Structure formats: structure tokens, C-alpha cells
């Protein structure tokens, strides 16, 4: 049996094996093209996540593995967000993974909100089973008080702040932490909803209500700026209704984005906590006037859910479309050659381009692997969302040109080699604006003002998207609309004019429209 | 009552309150100077960690809070280490926090090593107690299989690699993860030994034994370079004896550093895993020749323990001494003034210096707070280890000079303002080398070659430090020496000549000296 033959049989075996074990998911992985968004949006999303090497399900229920390529996008996000936090005066710190059960209970709404979906540590040791069957939990190593794997860290942090704060001089405290958290979700989806996820959680403490409110809004602005300027994803800033508020907050502000299937996605939240956690943990300070009062708090977070938003906001049926500012590889150079001599000439040009672009801080990869064809590479980098692809062939070398293809519009154009670096800098900016504009126009098309409940349902079931409607301000109406249409109030938008109208459901008076949508 | 009076009484009250509640720890916190290393090294360490705002114990047993200043040093470490990993071809990824109990059991030594100290998640929900006493674990939400909070991730990762690796084309896999891990230590110390700690864990997979061994050694070199060039801490590279080997490894390589109390500290480890985890998780690949074999593995890690090493390697009785390359603030400017006019002139000079130094990437802080005296600030930045302090007073303004004080030698010198930036660049380099040299000389002084067991015990009980002695290579001898002297074999050093001798304990022949020490 020849080498090629044995490899062939091995692949055949691997193929059957994967079919047997993984059923339909792997069949489509082996097919060349992605499912179409228009045919099965949900499957399209799952397949992009898998095939662009972003993430996969782990053997632990609801927990994901973030693969190297996916993680490198998350690292780019982290770096920008972290920079923005530091520019607004925040520092990072780290607080324990575990929350004692009694802490969670100190704020009534908070425990109500998180107790039903948490991982509980009850023991601290395993031992060999008496019957030799393996290791079992050692019943003698039971914790006196159970520990909850943090679903969020308000309780642990406010318990710490209690010792950090005595007087107004200790305020404000502007701290952020990058961490993993666990919420025992029953239905999970990669990036969008997982039992464990990565996030940042800011927790600040202030001497006055006004300062805490300003901080809450400032951080919402930071999130909106990040979403729009880096993710190229337009967002609506607004306030959540009572039923969607963070457990323990006085007000929850959010940014809401629209995905290509017309569903909304909450991309970040910033909470004004009032004095709720200060009261729960008895955190008081002496003011400049000597008076003792409870401290005012905020908390705010974005998570790996942003990865899901990024994927769904821009990508197409060929794969990921990444905004240049968050693309781990911004430019890829693919050589097209037959002889070693040709590759050598191409490499010389590629090296020049690489050197110049790298000095401008542009990340560029030269893929000269001889194990894959140029066509395979084109498809691969399309799938992975690399914003610009440069192809250089022998004819280009003769002419002193290169061909550049844009991932967003798929347009190709030929440039003089001498002008290529300037062109690339310009194109990267253009792609960044273009995909923002595209997402913005899409959202405009899918935003509908309605004045009756029939119009409301028609808009939702028709094109979907954001439906701007009057609401009477009651939880009852909100719940009925949700039960009947699956649409929720995404937020009460912050930047809108007052407008008198009548609730589409109850007919009661309303002073402004709120944003309804079906949501992730 | 005047404002100042009421503040005074408030402080008095706060003082008594803290005394009542926190007993001796807070009394010493209020005292001006640190405990002396020579009098109580252990207390000195704890006090530096607390008073330089590095970390503190949390309310959760064994878990620490890393405070903003401490975390900013850790961030500097992370950034350099991460850069070095990427330069050697590694990428980051993220794997689940939880390890199913059955996974831990798949590698026999591994489970033996970690089962006795792990946090076990048994339930996924709390509920309200029937008697209204609060929340309790919901017995109906018991997991079918318990989950272990990862003490290290070999098992979860090799279970994932199984799906990533089919052929030699999929190798090598060079992945690192930055994560938190939990080992239920009974005796904890901030940074040095905590139940939860932060670390990075690299996990690589290779087609050949040689490649995996080379990777193991490469990463040890990366750690040694980081320790020496950034932490300014000399280390011995070596191999662990069988009894100190990582559970599941074929060989464990380590870097060992010496602390100022003469005790050794293991600062990083790199493990050659052979095919152990590949066999435990059935990870095989088809080679170029079509033959199927188990994959070869490595894993390697450093943790927030490095913070403890950094503190203990250089700091003195005035506080932290930080190597400039890891100092979050490299230079602080303290103005000395009486009038606003004076402050204004000083600020002008400070701004010039700041602008120039920042453009060289030097981090510099101008502390113009009027709530603290210059003397207080001097002590504070000494405590926090800021490498250079610039003082500028009215006389300096007149003379066109500034005074620069070095943290390491406490030398002060006056410089012309025009020459100050060059001077600072030079001084930062000099401090970096000086504290390395100091630590190197200290280690040389505390390294003793001994040829008899009496000499061995004398060296240990006398000056302590590293004791280089012949050993017969048996676990029995190692254990007896440990039981009798509390000294362990830190490593079999890599860079040493062969030397025939006789074991100090058994008298049996030996081919080289090993490094003994009492250790953290």
C-alpha cells in the first residue's frame, strides 16, 4: 500500500467515524460552503463559530472552549476596552472566585436574581472510593458554608470596600476586574449564553448620588463608543424597565444592538446601584462635614457575548467579516506561483510590504505554506474575516503591481507596488467605516415606528428589528406584550424627544416611545 | 465644635474602633515603620504586602484580593511574559473552569496529586429555605457528576486536543491560557500560597519526543530570562527529583530563586509530559509515514506567586524595591512649596520632564496633592518601591536643578533640569542592573558546597541558602534528609560539570551535586 493510499483510507475512516459520532454537524463542516443566513440563521451562526475556529462546546455542560483565533479577537477587544477604562481613571484589581452563600443573600433582589442558576461548591476534597471504583467526594470534607462560584461580584466586592472606605478621602474607588463568571444557564449558545463566560466587571464607590450617576452614564458612553468605533456596530443607549433591571440596581442602562436576523442583542450594561449594596454590607463614610452616610455605587460589564454580537452584526454567507480595528490579522498576502524562483521574487515584494506596514502597526501575515492552494487560502481567509487580501503572482512581479481584495465588498483592484502601503492604510479605514455604515443603514431599515398593536405585531412578524412604540409604563402591559409576541422592551432610549402618545396595548397615555424587539 | 475638632474626634473613634476589631495587625499599620527583616521576616513580608497595597486576605478562606497597586505590577509581569510567549510562537486560548471528576481520574498520578485539595461543585441551584431562614442548596439540583474547579487544566485540555489532532499537520499545538485555578491549601500566605491564584498555563502537543523536550526547555529558558531580565532575580535552572515532580509528568524542570531569609522559592515549572496525557485521553496522530502514535506533551506555568518572589527578593525595611522594568510608576515627582506661585513654577518644570519621559515610554507621576506633606509622600513612594523620586523646590527652580533620589541605594544627587531626562534613563537602567547584581551577590554568598552531613546541617542552620551536596539519587535518602533537616532537593542543576563524590547521607557514590534548601 502506498503512502497516499494509506492516508486516503485513514481519512475515509476518520470521515465515517465523525459521521457516526457527531451526526449532521460534521457533515456540513466537511461541505465547502457555510449554510446561508437566509435559510437557517441559527445554523449559519453556529457553523461560523466552529469553522472560523472561534469557539466550541466543551465536554463540561454549557462551558465553551475559546479557540486561539477567537481568543485573539477577544484580546483585541480587551486591549481597547482596558485602555478606555484606564483613560477614564479606572484601575484593575482581582477579587475571589467564590462568594459565601450568606453574602449572596444580603441584598434581597440580588439573591432572588442569581440563586436559581449558580454553581455551588460544597466540598473541598476527593478520596479513593472504598470499593476501588475511583475517586469520590469525601463526605468528611464538607464546607461549613457553601461557596457560590461568582455569577457577578457585587457582594464580594462591597464586603471588601467596607474595609477600604472610612472617609470621603477614600472615595471614589474606581476599580475594574477581568474575570470568569458562572451562571448555570439551561440553554446555552456559544458566546451568546454560556454557563461560564469571560467578562469585565467595574465596581465603583462614590460620595454622592450625582457622581455615581455620572459614572454610570460615563461607562455606558465608553461601551457605546467601543461598540461603534471598534466593533463598527451602532447601538441604542437607554434605560431598562424595572423587569429587566439588574438584581440589586436602582437603574440599569444598556446598549442594544441589532443583529442581521432582526433580533436585538444587549451588548453591555451599566448599573446605578444607589446605596443598595452599601446598605447590605454596611459601607459608610464620613463626609467632609463629618456626617456619616452610605456610599453610592455603580457596576458595569461587558462579556464574551460581544464576540457573538460582532459575528452576527457583520458576517456574511462566506464567513466572518471583521472590522479592521479588531482583526487579529488585518492583511494577508497570498503568493501565487509555480516555481521556487517565482516564490522568491514574490517573497521579496511581500517582505517589503510587511516591513512597511508593520512599522505603521498593521498586522500582516504572509501565507507561503505549500500544503494549501491559493484558492483554499482565499476561502480560508474569507471565512476568518481578514479585511484585506493581497495576491501576488508572476504577472504582478513583471508589472510591479499587486491585487488587493476587500473582505467586506469583495471588490478587487490592482495597485502599483510602490503605492500599496498607502492604499492599505486607506482601505482599512474605509472598511471600518463601510461596515459601520452598512450596519447603521440596516438598523435604520429595520426600525419601525408604530402606533397600534396591529402595526406592532405586523412589524415584528414582518421585517422584525426595533419597533418604536408607546407604552403605558406598567409591568403588566410589558408582560402581556411579551407573552403574546415574545417581544420585550429593550430599553427606554436616552436620546429622544418627548412625544405624547398612547400605549399600543392599553391605550393609556405615554410620554415617549420605547424600543421593543425580540431579543437574544 | 469646629470642623477640625469634629474630624479629630472622628479619627480618634476610628482608631479605637479599629483597635477593638482588628487587634494587633492594625496597630502596626498605624505605626510609621515596617517591622525589620532581621527581627521578623515573616511579619515584615505580610506588612509590606498589606501596607504597600498589594493584596489582602478576603473573607473567603484562603482566597486573596489583589489590590489595584499589586495588580498593576502583575499586569506588567503578564504583559512581558505574554509577549515572550508570542515571540516563541504561542497563542492564547481559554478552556473551562470546571473539570468533570472522571477526567481527573484518567491519569493515575495526576488524580493522586490533586484530589486531596480541590473545590468540588455538587449542585447548580439554591432555593429559599422552607422555614424562611434564607437560601439553601436545592437538593433536587444535584449534578450527576461532580465538577472540580480546575487545579490545573491538563485533563480538560487533552480531552479537547483529542478532537483537534488527527494528523501530523495538526501539530504542534502551542497554546497558553491565562486563568485562575484553585487548590484547597490549608495553610495560606498572600501570593505565596493561596487557595485561588492567577497564573498562565501553557499546554503544547508535538509529533516527536525531541520536539516536546525542546519545548519544555525553551519555556524554562523563557521563565529564566523573565526572572533575571525583568524581575532582576537570579535563578537556578534544574530538574526536579521524582518526589517533587508534577503529578503526571515524566520530568519537571524548574527555576529556583533565593529569598532574603535564605529560603528557596520555586518560581516557575516546565513539565515534559511524555505521552502520559495523550495515553490517558487517547490522543493519537497519523505521522507523515501513516503510522499512528500517541502525541507528546508539555505544560508549563508561572503564577501570582512571582509577586511574592519579587517582593522578597529585593525589598528592604523601608518597603518594596521594584525593578524599573516592572514598576507601574517608574518616576514620581514631588513638589516642595509653600505658595501657589511656587507650585506653579514647579508644575511647569514637572510638565516638561513628564512630556519628555513619557515619549520615551517611561511612566511618571506628578503628585501635587495638597492633602499630604512631602515627607509623607517620600515615605509612601519608598514603601511602594517607586525606583526614582524627583523632588523640586523653590531653590531648585532658581538654580535650574532638581534632586533625584534612588530607591535602591537611597542615594540622592542634584541634576541640571536640562539633563534630567537623560539622567533618568541612565539611572533606571542602573537600578535594574544594580538590584540584580545585589541579589546575585547575595545568592553567591549564600551558596555553600558541603561534603559531609555535618557541614550540610551547619550550613543550613547557619546562613541558610542553597547548599550544594552530593546525593545518592534515592527517594529514601531525600526523605530522610527532609525529615531530619526540613531541607528539600530544589533541583538537579542543568548547567554543571560532572563531579564524582559521595552522598552526604548514605556515602554512596554520586556523579554531581544537587541543590538543597529549606523552601517556601
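The values are calculated or read from the model by the stated rules, or taken from the named source; none is laboratory data. Here the structure is a predicted model, which is why all the values come from computation and not from measurement. Counting neighbours? That spans all protein chains shown, and the Cβs are built from the backbone with ideal geometry, glycine included.
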Residues satisfying the stated conditions in the range A:40-81, i.e. assigned to a strand (DSSP E or B) and either surrounded by fewer than 22 Cβ atoms within 10 Å (Cβ to Cβ) or touching a helix residue (DSSP H, G or I) at 6+ places or on another chain (Cβ under 6 Å) (or both): A:55, A:56, A:57, A:65
Condition check for residue A:89: at positive phi and touching a residue at least 24 places away in the same chain (Cβ under 8 Å): yes
Going by the structure shown, is residue A:480 surrounded by 13 or more Cβ atoms within 10 Å (Cβ to Cβ) and touching a helix residue (DSSP H, G or I) at 6+ places or on another chain (Cβ under 9 Å)? no
Residue set A:386, A:420; condition under 30 Å from the mean Cα position of the chain (by Cα), in the same structural domain as residue A:356 (by TED's automatic domain parsing) and crowded, with 18+ Cβ neighbours inside 10 Å; output residue A:386
Can you name every one of the strands (runs of 3 or more DSSP E) wholly within the range A:369-461 that holds 3 or more residues which are under 26 Å from residue A:517 (Cβ atoms)? A:447-449
Could you list, in sequence order, the residues of the range B:221-253 that are touching a strand residue (DSSP E or B) at 6+ places or on another chain (Cβ under 8 Å) and under 25 Å from residue B:285 (Cβ atoms)? B:246, B:248, B:249, B:250, B:251, B:252, B:253
Could you check the range A:237-270 and list, in sequence order, the residues that are assigned to a strand (DSSP E or B) and either over 21 Å from residue A:212 (Cα atoms) or over 18 Å from the mean Cα position of the chain (by Cα) (or both)? A:238, A:239, A:251, A:252, A:256, A:257, A:258, A:264, A:265, A:266, A:267
How many residues of the range A:163-174 are within 17 Å of residue B:59 (Cβ to Cβ) and at the interface with another protein chain (Cβ under 10 Å from one of its Cβ atoms)? The answer is 2
Taking the stated definitions as given, is residue A:473 at positive phi and crowded, with 21+ Cβ neighbours inside 10 Å? no
Please determine whether any residue of the range A:224-236 is within 20 Å of the chain's Cα centre (by Cα) and within 14 Å of chain B (Cβ to nearest Cβ). no
Taking the condition at pLDDT 95 or above, touching a strand residue (DSSP E or B) at 6+ places or on another chain (Cβ under 6 Å), under 30 Å from residue B:36 (Cβ atoms) and in a helix (DSSP H, G or I), does residue B:313 pass? no
What tally of residues in the range B:62-119 results from selecting those that are in contact with a strand residue (DSSP E or B) (Cβ under 6 Å, 6 or more places away or on another chain) and more than 10 Å from chain A (Cβ to nearest Cβ)? 2
Condition test on residue A:54, is it within 11 Å of chain B (Cβ to nearest Cβ), modelled with pLDDT of 95 or more and closer than 27 Å to residue A:174 by Cα? no
How many residues of the range B:294-324 are in contact (Cβ under 8 Å) with a residue 24 or more places away in the chain and more than 25 Å from residue B:64 (Cα to Cα)? The answer is 6
Filter result for the condition that a residue is modelled with pLDDT of 95 or more and more than 20 Å from residue B:199 (Cα to Cα), over B:266, B:275: B:275
Verdict on residue A:136 being facing chain B (nearest Cβ under 10 Å), modelled with pLDDT under 95, touching a strand residue (DSSP E or B) at 6+ places or on another chain (Cβ under 7 Å) and surrounded by fewer than 23 Cβ atoms within 10 Å (Cβ to Cβ): yes
Which one is surrounded by the fewest Cβ atoms within 10 Å (Cβ to Cβ) among residues in the range B:139-148 that are touching a residue at least 40 places away in the same chain (Cβ under 8 Å) and more than 7 Å from every other protein chain (Cβ to nearest Cβ)? B:145
With B:119, B:108 as the choices, which residue is in contact (Cβ under 8 Å) with a residue 40 or more places away in the chain, under 34 Å from the mean Cα position of the chain (by Cα) and under 30 Å from residue B:199 (Cβ atoms)? B:119
State all residues of the range A:175-188 that are at pLDDT below 95 and more than 9 Å from chain B (Cβ to nearest Cβ); if no residue qualifies, say none. A:185, A:186, A:187, A:188
Among the residues of the range B:189-198, the number that are within 12 Å of chain A (Cβ to nearest Cβ) and closer than 17 Å to residue B:306 by Cβ is 5
